[in-house]
Amino acid sequence: MEDVNKTMVVEFILTSFSSFHHFQILFFIIILLMYIITVGGNFAIIALVKTEINLHIPMYFLISIFAALEISFVSVTVPKLLSNLITVNKMISFIGCFTQLYAFNSLGVTECYLLAVMAFDRDLAINNPLHYGAIMSSLFCIELAAMSWIISSVIVLIPTILTANLEFCGPNEINHFFCDLAPLQNLACSDAFISNVVTSIAAVFGSISPFTAIVGFYVHIIITISKIKSAEGKHKAFTTCSSHLIVASLFYGTVIIVYIRPKGSQHDKFLALMYTIVIPLLNPFIYTLRNKDVKGAIKKIKPLMQLAKCK
């Protein structure tokens with residue numbers, strides 16, 4: 001009889017930044033501009049890699065895949081956030097919430113694995129340059145990128161299903177701007193112990209494992225670079241992986257800060273903005289400003305764009 005009287009939740013409320021109601025429009029304008037620049041910048045990288053023949057090598061293929069992932073990653077959460085900032089209705093359906101949760105986490109884990117693949121690519125280029133071209137074929141690059149997505153999809157699927165099968169009978173307010181596993185598990189009326197344990201295990205395979213691989217690859221790279229006698233040789237070797245190292249450090253650094261620190265503060269949502277939109281915003285600039293090949297490709301394209309405008 002008790003189960004019959006329970007009112008099951010069919011939608012959730014994303015409170016977003018409603019407590020800062022005087023700044024809603026300002027937040028909307030800033031986040032919208034950041035979103036436009038993020039999507040535009042990453043699209044520009046994809047177009048540049050596709051059109052410039054000098055960039056048709058494994059490293060830039062992986063960078064373009066990463067840029068496409070970044071566009072998808074920000075598009076899962078930011079449009080809904082923008083809507084919540086300017087509308088009274090902050091509801092998201094039960095199915096919509098878990099769809100967003102699955103897409104956000106699977107894309108995030110895919111980025112973790114793709115960063116590990118990119119570290120492997122740089123390690124192979126520096127430590128085994130003679131066989132690099134034969135090993136990192138176009139087909140192998142596609143297989144590595146696809147494998148990252150498949151593994152991530154499976155890792156995230158299990159905790160998502162377990163959390164969706166929990167009983168939600170109220171309250172239905174999520175103190176965040178997107179649906180995530182921990183806030184939803186905290187709202188469940190039924191025991192979420194198994195779901196929490198599986199989520200922790202998934203986090204190990206989804207983030208800690210690729211992070212460990214990245215650290216291992218860069219330790220190997222640093223050991224190799226330290227053995228190079230000439231300063232010019234060391235600089236040349238390091239510049240081939242410096243952009244990726246910065247991107248990986250920023251991504252993992254912000255994620256670790258957000259998920260390791262104690263929860264429950266209003267600042268959690270602002271910290272989450274770091275890895276959901278600020279880091280994806282910075283990545284195109286990191287890859288263009290610190291990459292000689294990309295800057296060279298942009299210089300080649302500029303005269304052609306000016307010529308097209310004159311016509």
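The values are calculated or read from the model by the stated rules, or taken from the named source; none is laboratory data. Everything quoted here is computed from the prediction, not taken from an experiment. Reconstructed Cβ throughout: ideal geometry from the backbone, glycine too, with neighbour counts over all protein chains shown. When the accessible area is computed, the model is the full protein with side chains, heavy atoms only, and any ligands, DNA or RNA have been set aside. Shrake-Rupley method; radii C 1.70, N 1.55, O 1.52, S 1.80 Å.
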key: Computed FRET value (nearest 0.05) for Asn127 with Ile36, which takes r as the C-beta separation and R₀ as 35 Å   = 0.30
ask   = Over what distance in Å are the Cα centres of the range 39-89 and the range 145-180 separated?
value = 22
request  = Might you report the magnitude of the Cβ-based charge dipole of the chain about its Cα centre, with Lys and Arg at +1 and Asp and Glu at -1, to the nearest 20 debye?
outcome  = 1660
query = In the chain, with Lys and Arg counted as +1 and Asp and Glu as -1 at Cβ, which of these residues, Asn42, Gly233, Phe211, has the Cα nearest the positive end of the dipole, that is, farthest along it?
reply = Gly233
message = Using a 1.4 Å probe on the protein heavy atoms only, what accessible surface does Val204 show? Give it in Å² to the nearest 10.
response = 60
remark   = Hits for the chain under the membrane-span-like helix rule (DSSP H, Cα axial span at least 24 Å, Kyte-Doolittle mean at least 0.5) are 24-51, 58-86, 94-127, 138-164, 209-226, 231-260
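May I ask you to derive the relative contact order of the chain, considering only C-alpha pairs under 8 Å and at least 6 residues apart, and to give it as an integer percent? Write down the numbers at each step before the final one.
Details: 323 pairs, mean separation 82.0, N = 311.
Relative contact order of the chain: 26 percent.
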